[in-house]
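Enquirer: Can you keep this structure in mind? I'll have questions shortly.
The values are calculated or read from the model by the stated rules, or taken from the named source; none is laboratory data. If you're wondering where the values come from, they're calculated on a predicted model, not measured in any experiment. Counting neighbours? That spans all protein chains shown, and the Cβs are built from the backbone with ideal geometry, glycine included.
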Amino acid sequence: MTTMAMPEAVAVARDPMVPEPYVLRRVAKETHDTFTLTLAPDDGATVHAFQPGQFSMLWAFGVGEIPISISGDPERTDELTYTIRAVGATTRSLVSRKPGADIGVRGPFGTGWPVDVARGRDVVIVAGGIGLAPLRPVIYHVLQNRADYGRLILLYGARSPAEILYAKELRAWARKPNTQVVTTVDYGGLSWRGHVGVVTTIFKYARLDPKHATAMLCGPEIMMRFATRELESAGVPRNDTYVSMERNMQCGVGLCGHCQWGPHFVCKDGPVFRYDRIHGLVNRHEL
Ligand SMILES: Cc1cc2nc3c(=O)[nH]c(=O)nc-3n(C[C@H](O)[C@H](O)[C@H](O)COP(=O)(O)OP(=O)(O)OC[C@H]3O[C@@H](n4cnc5c(N)ncnc54)[C@H](O)[C@@H]3O)c2cc1C
Ligand code: FES
């Protein structure tokens, strides 16, 4: 009698184009149009590890699929967090879903912030508006590995006091040792006692050693153009400066060409780029 050998378990490679089923656990309102969503795999499995700065493609079934940066703690293995500003059909649909709703998740995709390269150095974070979301995992990482980094300096600009993201956390981070948080708003109103002006106007308060600093920037492109110039004049070299770029995306994995930006595909060569490598493109307004 012949005996049949049991087939060995074969690891099945994940298809990056197939969304995995997640369940919405919590929705927290950040501002009038921005919400933080926490999702978990619907089978209770652990999430795929991600690097600060990476994004997922989120499927609002029946509406559309969009790229959204992961804004939560990279150490968490049970859930993924996203902060979403409702600007159109898909974002509006995602933020209006209730806990228990199904959402499809592909990824994580793209390049991350250089948290390893920055080890032993000051970390300067410059964020505008929703641009703070993809940088929040860097802040968690630095605070959890405090002895590995020098000063943590966060320069954050929002349109108005009501549009400041993570206000409670900003106050908590500001109280941490070796950490500086400076926030400014474009329009303060009568009760605002803080800084008023675009984010570059608060650079003068940053206590940093430009030769030993790694800068990470995310926000509207106009802000990044001016902020990178300001950093250069403060003595931070272009090759120690990193920016996160946004382009329309479809596949998220370098197949469709939707996100092409000069010679780069933002979904796989970015979204985080070292500034000296894309400096020419950032300053060409028509791209
Ligand atoms: C790598 C990457 C990461 C991203 N991370 C985040 C994130 O963490 N949080 C987040 O909220 N968004 C993020 N975005 C932007 C997000 O993908 C878009 O806001 C979303 O695709 C809009 O889809 P929609 O169907 O809701 O709106 P659409 O119907 O596509 O657009 C509706 C209107 O909003 C305008 N619009 C589109 N995108 C933006 C935008 N970014 N800002 C202002 N107006 C816009 C359009 O021009 C249009 O007028 C990211 C984008 C990329 C490429
Ligand atoms: S989104 Fe398809 S190539 Fe980048």
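Enquirer: Taking the residues in the range 80-102 that are in contact (Cβ under 8 Å) with a residue 60 or more places away in the chain and out of contact with any helix residue (DSSP H, G or I) (no Cβ under 7 Å at 6 or more places or on another chain) as candidates, determine which candidate is surrounded by the most Cβ atoms within 10 Å (Cβ to Cβ).
Expert: Restricting to residues being in contact (Cβ under 8 Å) with a residue 60 or more places away in the chain and out of contact with any helix residue (DSSP H, G or I) (no Cβ under 7 Å at 6 or more places or on another chain), the top hit is Val95.
Enquirer: Can you spot a residue in the range 95-106 that is modelled with pLDDT of 95 or more, in a strand (DSSP E or B) and more than 15 Å from ligand 1 (Cβ to nearest atom)?
Expert: yes
Enquirer: I've got another one for you. What residue, of Thr83, Thr91, Thr36, Thr31, is within 16 Å of ligand 1 (Cβ to nearest atom) and within 20 Å of His258 (Cβ to Cβ)?
Expert: The conditions single out Thr91.
Enquirer: Residue check: is Trp113 in a helix (DSSP H, G or I), closer than 30 Å to Arg238 by Cβ and touching a strand residue (DSSP E or B) at 6+ places or on another chain (Cβ under 8 Å)?
Expert: no
Okay, residues lined up against (1) more than 16 Å from ligand 1 (Cβ to nearest atom); (2) of a type in the set (S, T, N, Q); (3) touching a Lys or Arg at 6+ places or on another chain (Cβ under 9 Å):
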site	(1), (2), (3)
Gly197	yes, no, no
Ala213	yes, no, yes
Leu231	yes, no, yes
Phe273	no, no, no
Asn283	yes, yes, yes
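Enquirer: Step by step: first the residues of the range 50-79, then only those that are within 19 Å of Leu135 (Cα to Cα) and without any contact (Cβ under 8 Å) to a residue 40 or more places away in the chain, then the one that is nearest to ligand 2 (Cβ to nearest atom). Which residue is that?
Expert: Per the stated criteria, the residue is Ile68.
Enquirer: Quickly run through the range 36-58 and pick out the residues that are in a strand (DSSP E or B) and within 24 Å of Asp269 (Cβ to Cβ).
Expert: Hits for the range 36-58 are Phe55, Ser56, Met57, Leu58.
Enquirer: Here's a follow-up. With respect to the numbered conditions (1) at pLDDT 95 or above; (2) surrounded by fewer than 17 Cβ atoms within 10 Å (Cβ to Cβ); (3) not charged (D, E, K, R), which one is the sole condition not fulfilled by Phe61?
Expert: So Phe61 meets the others, but not (1).
Enquirer: Continuing with this model, one more query. Please verify whether the range 229-240 includes one or more residues that are in contact with a strand residue (DSSP E or B) (Cβ under 6 Å, 6 or more places away or on another chain) and under 11 Å from Val126 (Cα atoms).
Expert: yes
Enquirer: Looking at (1) out of contact with any strand residue (DSSP E or B) (no Cβ under 7 Å at 6 or more places or on another chain); (2) within 16 Å of ligand 2 (Cβ to nearest atom); (3) of a type in the set (Ser, Thr, Tyr), which is the only condition Tyr187 fails?
Expert: Here Tyr187 clears every test but (2).
Enquirer: Separate question: Which of (1) within 26 Å of Phe109 (Cα to Cα); (2) more than 16 Å from ligand 1 (Cβ to nearest atom); (3) touching a Pro at 6+ places or on another chain (Cβ under 6 Å) does Ser244 not meet, given it meets every other one?
Expert: For Ser244, the failing item is (2).
Enquirer: Related question: Could you check the range 163-194 and list, in sequence order, the residues that are in a loop (DSSP other than H, G, I, E, B) and of a type in the set (Val, Ile, Thr)?
Expert: Result: Ile164, single match.
Enquirer: Check whether at least one residue in the range 243-253 is at pLDDT 95 or above, away from ligand 2 (no atom under 15 Å from the Cβ) and crowded, with 16+ Cβ neighbours inside 10 Å, and report yes or no.
Expert: yes
Enquirer: Could I ask something else about it? Among the residues of the range 123-176, what is the count of those that are in contact with a helix residue (DSSP H, G or I) (Cβ under 7 Å, 6 or more places away or on another chain), within 17 Å of Glu75 (Cβ to Cβ) and crowded, with 24+ Cβ neighbours inside 10 Å?
Expert: Residues in the range 123-176 being in contact with a helix residue (DSSP H, G or I) (Cβ under 7 Å, 6 or more places away or on another chain), within 17 Å of Glu75 (Cβ to Cβ) and crowded, with 24+ Cβ neighbours inside 10 Å: 1 in total.
Enquirer: Another question, then. Checking the conditions here, which among Asp209, Asp269 is within 16 Å of ligand 2 (Cβ to nearest atom) and touching a Gly at 6+ places or on another chain (Cβ under 9 Å)?
Expert: Asp269
Enquirer: While we're here: Check the range 188-199 and report whether any residue there is surrounded by 14 or more Cβ atoms within 10 Å (Cβ to Cβ), more than 29 Å from Val282 (Cα to Cα) and either of a type in the set (D, E, K, R) or free of Cβ contacts under 8 Å to residues at least 24 places away in the same chain (or both).
Expert: No, the range 188-199 has no match at all.
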